[in-house]
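The values are calculated or read from the model by the stated rules, or taken from the named source; none is laboratory data. The structure presented is a predicted model; accordingly, all values stated were derived computationally and were not measured. Because the Cβ atoms are built from the backbone with ideal geometry, glycine has one as well, and the counts that use them run over all protein chains shown.
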Amino acid sequence: PEFDLIIAKGRIATAADSFSADIGIRNGRIVALGQLSGARETIDASGRLVLPGGIDAHVHLAQDGAPGIVMGDDFETGTRSAAFGGNTTVMPFCVQKRGQSLREALKDYHARAEGACYTDTSFHLIVTDPTEQVLGQDLPALVAEGYSSLKVFMTYADMVLSDYEILGVMKVARKTGALVMVHAEGFDAIRFNTEQLEAGGGFGPKFHAISRPEPVEREATHRAATLAELSDVPVMIVHVSGGEVIDEIARARGRGVKVLAETCPQYLVLEEGDLDREGMEGSKYVCSPPPRDRTAQEACWQGLIDGTFDVFSSDHCPYRFDETGKLTPDGKRSFRWIPNGIPGIETRLPILFSEGVKKGRIDINRFVALTATNPARIYGLRNKGTIAIGADADIAIWDPDKTVVIGQDKLHHGTDYTPYEGLEVTGWPETTILRGQVVVRDGELVGRPAGGHVLRPVSGMEQGVKAGR
Ligand code: URP
Ligand code: ZN
Ligand code: ZN
Ligand code: ZN
């Protein structure tokens, strides 16, 4: 037969168009669109929506934490959960520990991922120790090899870089074309607030949000944009939580700074009040930046609608609701020790589809742009993120009318709770196909954990330009 697989009679959506056609797949690539026949296997997608597989450009898998803290997902369970959620590529982080070389860190994280993934995987670097060796030799070499995106932190005692150090990283980005992602929250303000709150007897999970209000994020966003401006590089502000931050991004763009921006499901459907639930329940919602209020949610929606946001990611950061995670003994003593981050790799797409597309806030083409096409273009994932001849056959087949009440019992991640428990959504991915191989079929796992490739992004040389808006 001419094709290995035909996906027949579906309604296809890309970032640009919606149309009905069969998709012909050979050797893992899309090779034909139209009225097709002659395949070893045909999947009937009538009545279904056929989308590019999701690309989750911000996830944390199998990261090392503080002593006693263990992430609930390794690469196998994390990418399995991603595949069930309609994703075909995820972008986790390779974290440099202080004192460690970037190469050692990469060797570590590649070893964790190789042969263990149900989806394709491509690493961002996290630079925590920008020594002369790192800035002068290692980072430029790695960018040239294709590790062309890296994250820096403006907070967290074990990760924070000074403005001086960020400028050093950005200078390398200017020279090599790498894209710098910034966690924009101000370290000193959070540290001061935390001490003040504790001194006043504020220890519970809700004080996490109180210690880092939106101005703390707005100030850091302004500083990150200014450092990018001084360095003449694009910058990606990740996990934006509300309108004040969005205004700061708009202001920077107004003076010509190339600021890209990402938001996440927690800023659309969770609130600061969730951290104030009974006992330690609130710890299930502790992430940074924290979810805020209705006004901030509306601002994030507006940013998705008007194009302020380029990317919609999960920031999946899977700690368990037990002593290895949210209920660490120190965390029960004070919010400052509760590991930051919440799971969401499987629920990212259904939440945006239901709350966004089904409720008429965004159209399906914008949905695809935010969740697949833009991340592929911005991070240089060649042949990914769209349905077109020559593209990788990374496809999710959705039932757009299926109603699901999100619950831990239905999910496939390695952690033991979902912050979205009880949220009803309409629209669910049923079948996920990675480079022509079915990974999840009608809600059943059929792929192998060795099916995913650990990709490298393409050379960053032209990507800095592409990232320009
Ligand atoms: O709280 C969060 N988001 N934890 C994950 C790490 C990060 O900063 O993205
Ligand atoms: Zn972050
Ligand atoms: Zn993150
Ligand atoms: Zn392979």
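Listing for the model above:
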read-out: Criterion (away from ligand 4 (no atom under 16 Å from the Cβ), at pLDDT below 95 and β-branched (Val, Ile, Thr)) met by exactly one of Val458, Val440; value: Val458
read-out: Elements of type helices (runs of 4 or more DSSP H) in region 228-334, at least 3 residues being more than 16 Å from ligand 4 (Cβ to nearest atom) and surrounded by fewer than 20 Cβ atoms within 10 Å (Cβ to Cβ); value: 243-254, 294-306, 329-333
read-out: Among residues of region 398-430, those that are touching a strand residue (DSSP E or B) at 6+ places or on another chain (Cβ under 8 Å), closer than 15 Å to Tyr285 by Cβ and surrounded by 14 or more Cβ atoms within 10 Å (Cβ to Cβ), counted; value: 4
read-out: Cβ pairs under 9 Å, 6+ apart, first in region 407-425 and on the phi > 0 side of the Ramachandran plot, second assigned to a loop (DSSP other than H, G, I, E, B) and small (Gly, Ala, Ser); value: Gly422/Gly407
read-out: Counted residues, region 129-180 - those being assigned to a loop (DSSP other than H, G, I, E, B) and either within 16 Å of ligand 2 (Cβ to nearest atom) or closer than 26 Å to His208 by Cβ (or both); value: 8
read-out: Filter pass, Thr121 being in contact with a strand residue (DSSP E or B) (Cβ under 8 Å, 6 or more places away or on another chain), among the polar types (S, T, N, Q) and not in a strand (DSSP E or B); value: no
read-out: Subset of region 67-94 (residues that are aliphatic (A, V, I, L, M), closer than 23 Å to Glu104 by Cα and away from ligand 3 (no atom under 16 Å from the Cβ)); value: Val70
read-out: Candidate set: region 163-188, residues that are touching a Lys or Arg at 6+ places or on another chain (Cβ under 8 Å) and of a type in the set (A, V, I, L, M); chosen: the one nearest to Leu230 (Cα to Cα); value: Val180
read-out: Residues being among the small types (Gly, Ala, Ser) and within 16 Å of ligand 1 (Cβ to nearest atom) - total across region 223-276; value: 4
read-out: Leu270 within 16 Å of ligand 3 (Cβ to nearest atom) and of a type in the set (A, V, I, L, M, F, W, C); value: yes
read-out: Number of positions in region 406-446 that are under 18 Å from Leu51 (Cβ atoms) and assigned to a loop (DSSP other than H, G, I, E, B); value: 4
read-out: Test: residue in region 68-80 that is modelled with pLDDT of 95 or more and assigned to a strand (DSSP E or B); value: yes
read-out: Residue in region 48-62 that is out of contact with any helix residue (DSSP H, G or I) (no Cβ under 8 Å at 6 or more places or on another chain) and over 30 Å from Leu327 (Cα atoms) present; value: yes
read-out: Inter-residue pairs, beta-carbon under 7 Å, first touching a residue at least 40 places away in the same chain (Cβ under 8 Å) and among the polar types (S, T, N, Q) and in region 138-165, second crowded, with 21+ Cβ neighbours inside 10 Å and assigned to a helix (DSSP H, G or I), 6+ apart; value: Ser148/Gly460; Ser148/Gln463; Thr155/Ile190
read-out: Counted residues, region 171-194 - those being over 20 Å from Glu262 (Cα atoms) and touching an Asp or Glu at 6+ places or on another chain (Cβ under 9 Å); value: 2
read-out: Given (1) within 16 Å of ligand 3 (Cβ to nearest atom); (2) more than 29 Å from Lys258 (Cβ to Cβ); (3) assigned to a helix (DSSP H, G or I), index of the condition Pro375 fails; value: (2)
read-out: Any hit, region 388-401, residues being more than 20 Å from Ala15 (Cα to Cα) and either of a type outside the set (S, T, N, Q) or not in a helix (DSSP H, G or I) (or both); value: yes
read-out: Yes/no for Gly256 being more than 19 Å from the chain's Cα centre (by Cα) and over 20 Å from Leu370 (Cβ atoms); value: yes
read-out: Index of the failed condition, Glu114 passing every other in (1) touching a strand residue (DSSP E or B) at 6+ places or on another chain (Cβ under 8 Å); (2) touching a residue at least 24 places away in the same chain (Cβ under 8 Å); (3) surrounded by 16 or more Cβ atoms within 10 Å (Cβ to Cβ); value: (3)
read-out: Flag for Thr155 being under 23 Å from the mean Cα position of the chain (by Cα), within 16 Å of ligand 1 (Cβ to nearest atom) and among the polar types (S, T, N, Q); value: yes
read-out: Boolean, Gly341 is closer than 30 Å to Glu195 by Cβ, of a type in the set (Gly, Ala, Ser) and within 15 Å of ligand 1 (Cβ to nearest atom); value: yes
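Here's the yes/no breakdown for (1) of a type in the set (A, V, I, L, M, F, W, C); (2) touching a Pro at 6+ places or on another chain (Cβ under 9 Å); (3) away from ligand 1 (no atom under 13 Å from the Cβ):
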residue: Ala62; (1), (2), (3): yes, yes, yes
residue: Gly68; (1), (2), (3): no, yes, yes
residue: Thr77; (1), (2), (3): no, yes, yes
residue: Cys94; (1), (2), (3): yes, no, yes
residue: Gln100; (1), (2), (3): no, no, yes
residue: Lys107; (1), (2), (3): no, no, yes
